[in-house]
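The values are calculated or read from the model by the stated rules, or taken from the named source; none is laboratory data. The structure displayed is predicted, hence computed values, not measured ones. All Cβ positions, even for glycine, are placed from backbone atoms using ideal geometry, and neighbour counts span all protein chains on display. For accessibility, only protein heavy atoms count, side chains too; no ligands or nucleic acids. Shrake-Rupley method; radii C 1.70, N 1.55, O 1.52, S 1.80 Å.
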Amino acid sequence: MKLDVDVLRYLSKDDFRVLTAVELGMRNHEIVPAELIDRIARLKHGGTYKVLKNLLKHKLLHHDSTKYDGFRLTYLGYDFLAIKTMVNKGVFVSVGRQIGVGKESDIFEVADEDGKIMAMKLHRLGRVSFRAVKSKRDYLKHRSSYNWLYLSRLAALKEFAFMKALQTHGFPVPEAVEHNRHCVIMSLVQGYPLVQVKQLQNPETVFETIIGIIIRLAEHGLIHCDFNEFNIMIDDEEKITVIDFPQMVSVSHRNAKMYFDRDVECIFKFFRKRFNMTFQESIDDNDNSNEGREEAGKLCFSSIDSSAGFLDKELAASGFGKKDEEDIQRFIEGEVESDTNSDSEDGDLVRNLNEADDLNVDSLHLSEQVIYPLAFVVIQDPLAMGNG
């Protein structure tokens with residue numbers, strides 16, 4: 001569903017109050033009864049049903065009368081709640097074009113009042129393509145129900161927490177700016193996805209840099225779990241930036257070795273196929289020590305020294321705690337059996353209902369600037385590095 005922020009111009013404080021009431025109701029209901037929405041919203045002059053009709057028209061809610069007359073948020077409605085909160089906080093004032101799309105997220109350019117361009121990532125666990133993948137992998141066979149909005153919020157919270165912690169420890173990641181619900185605001189990376197790159201000036205150096213990042217992550221107690229050419233950005237100076245962190249796990253995870261080996265194999269396979277690299281020779285030429293290497297120059301997980309420390313405390317301080325990690329891992333492994341939510345957002349939701357100030361929709365607009373596509377460009381024609 002296309003994100004059109006101009007619709008915000010037609011939404012009133014009552015509209016957002018009812019949207020928030022539906023969000024509150026979804027804590028305990030997959031489909032929120034209309035009567036409950038009316039009781040939670042408590043509009044001063046009534047009119048909840050008129051507001052619901054308006055929200056349906058803009059596709060911010062879905063109506064379901066199968067068992068009873070009820071409603072649930074759509075992702076577009078969830079988008080608007082997150083965007084409203086971000087704008088009220090002054091994080092950004094305009095939304096530009098979409099610059100990335102995947103099975104689990106959409107990415108847009110946004111700009112603050114000083115014109116600084118950033119990236120807004122909206123997590124979308126549960127979209128059609130993602131459900132198809134899950135169905136094929138049989139991840140949901142033990143699950144009777146699930147709340148995709150809650151899981152998307154967890155994914156955003158985890159990504160923000162990991163970016164903050166990794167940035168603190170000097171890893172090449174985007175700067176984490178802010179997050180709310182399923183939305184993460186981060187710096188816009190100058191570069192291109194590695195998958196689009198056809199030529200490199202120094203492929204051996206880039207390869208060693210990327211492998212070095214995998215090792216450093218493991219030394220700090222983390223495994224990326226999706227470390228491939230789609231989640232590695234590279235600029236014209238062949239500087240590397242790593243993106244996409246919701247799936248990261250600890251080296252103490254029971255499947256840590258499998259995830260680590262898979263990340264390593266993805267990089268070896270890509271460089272072998274794309275740049276015709278022979279790894280034993282390139283590694284021997286650039287590294288006099290074979291410590292931590294298996295046959296054919298590959299890394300040995302058991303030899304990684306994780307004494308550099310774990311990032312548990314940093315992650316907990318960023319708001320992503322042990323329970324959140326357990327919930328999202330249970331989801332990945334197909335064990336989430338009921339709709340659930342965290343108590344941590346109760347205060348925010350109640351404050352949203354009681355906000356006296358309305359969103360200044362005139363301050364939020366679609367950016368008309370022509371901006372060269374930088375980070376997360378996964379839908380444009382492949383670019384060849386080094387050709388000018």
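On the full set of protein chains, 1.4 Å probe, figure out the accessible area of Ile304 and give it in Å² to the nearest 10.
Its accessible surface works out to 30 Å², give or take rounding.
Ignoring ligands, DNA and RNA, please state the percent of accessible area on the range 146-230 from carbon and sulfur, probe 1.4 Å. Kindly include the intermediate steps, with their values, before the conclusion.
On the way: 1120 of 2440 Å².
Ligands and nucleic acids excluded, carbon and sulfur give 46 percent.
How big is the Rg/Rh ratio for the range 1-89, C-alpha atoms only, Rh by Kirkwood, two decimals?
On the way: Rg = 12.2 Å, Rh = 13.0 Å.
Over the Cα atoms of the range 1-89, Rg/Rh equals 0.94.
Leaving out ligands, DNA and RNA, what percent of the accessible area of the range 1-89 is carbon and sulfur, probe 1.4 Å?
50 percent
In square angstrom, what is the accessible area per residue of the range 1-89 with a 1.4 angstrom probe?
Here the per-residue accessible area is 51 Å².
Which far-off residues, 5 or more places away or on another chain, put their amide H under 5 Å from the one on Glu178, with H placed in the peptide plane?
Ile185
Would you count, across the range 1-75, every pair of lysines whose alpha carbons are under 28 angstrom apart, provided the pair is eight or more residues apart or spans two chains?
Taking the Cα cut-off of 28 Å, the pair count is 18.
So for the range 18-133, taking the charge dipole from beta-carbon charges (+1 Lys/Arg, -1 Asp/Glu), which of Ile107, Val91, Asn54 sits furthest toward the positive end?
Farthest towards the positive pole: Asn54.
Before I look further, what does the range 159-239 give for accessible area per residue, probe 1.4 Å, in whole square angstrom? Intermediate values should be presented prior to the final figure.
Numbers: 2730 Å² over 81 residues.
So the range 159-239 comes to 34 Å² accessible per residue, rounded to a whole number.
Using a 1.4 angstrom probe with every protein chain in place, what is the largest-first accessible-area order of Met258, Met86? Mind showing how you got there, number by number?
On the way: Met258 95, Met86 0 Å².
Reading off the accessible areas and sorting them downward yields Met258, Met86.
Per 0.36 nm of contour for each residue apart, how much would the distance between Asn276 and Lys257 grow if the chain were fully extended, relative to their Cα-Cα spacing?
4.2 nm
Between Val32 and residues 5 or more places away or on another chain, which pairs have amide H atoms under 5 Å apart, with H built 1.01 Å from N, and which residues are they?
Correct list: Phe71, Arg72.
Stretched out fully, how many nm does the piece from Asp114 to Arg42 gain, at 0.36 nm a residue minus the Cα gap?
Between Asp114 and Arg42, full extension yields 22.1 nm more.
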